[in-house]
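Beneath this line is the structure, given in structure tokens, with notes to follow.
The values are calculated or read from the model by the stated rules, or taken from the named source; none is laboratory data. Model, not experiment: these values are computed from the prediction. Quick reminder, even Gly has a Cβ in these numbers, built from the backbone with ideal geometry, and neighbours come from all protein chains shown. Surface accessibility is based on the protein's heavy atoms, side chains included, excluding ligands, DNA and RNA. Shrake-Rupley method; radii C 1.70, N 1.55, O 1.52, S 1.80 Å.
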Amino acid sequence: MIPDAFWYFSIAGGAVLLAYAVFSLHDPVFTVGQGAGLFIYARNLWFIHRGQRPPGAADAAGGAT
């Protein structure tokens with residue numbers, strides 16, 4: 001099971017890389033890739049805060065749902 005802090009740190013790191021891609025590199029491929037990652041991290045946090053698990057996540061007993 002992945003701790004919630006992992007997703008918060010992933011969003012922070014993804015935001016830094018997105019800013020680097022947009023403002024320093026001007027690279028559209030890197031920008032789209034980081035934007036997609038941020039979307040996934042935010043979606044996972046949304047599931048966590050709604051009390052659901054993302055599709056394919058393991059349950060508390062260790063089995064897949």
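So is P54 at negative phi, open to solvent by less than 60 Å² (accessible area, probe 1.4 Å), under 13 Å from the mean Cα position of the chain (by Cα) and at pLDDT below 95 or not?
yes
Has region 1-8 got any residue that is free of Cβ contacts under 8 Å to residues at least 40 places away in the same chain and under 10 Å from the mean Cα position of the chain (by Cα)?
yes
Can you run down the residue pairs with Cβ atoms below 8 Å, 6 or more apart or on separate chains, where the first is in region 14-29 and outside any loop (DSSP other than H, G, I, E, B) and the partner is β-branched (V, I, T)?
Matching pairs, first to second residue: L18/T31; A21/T31; V22/T31.
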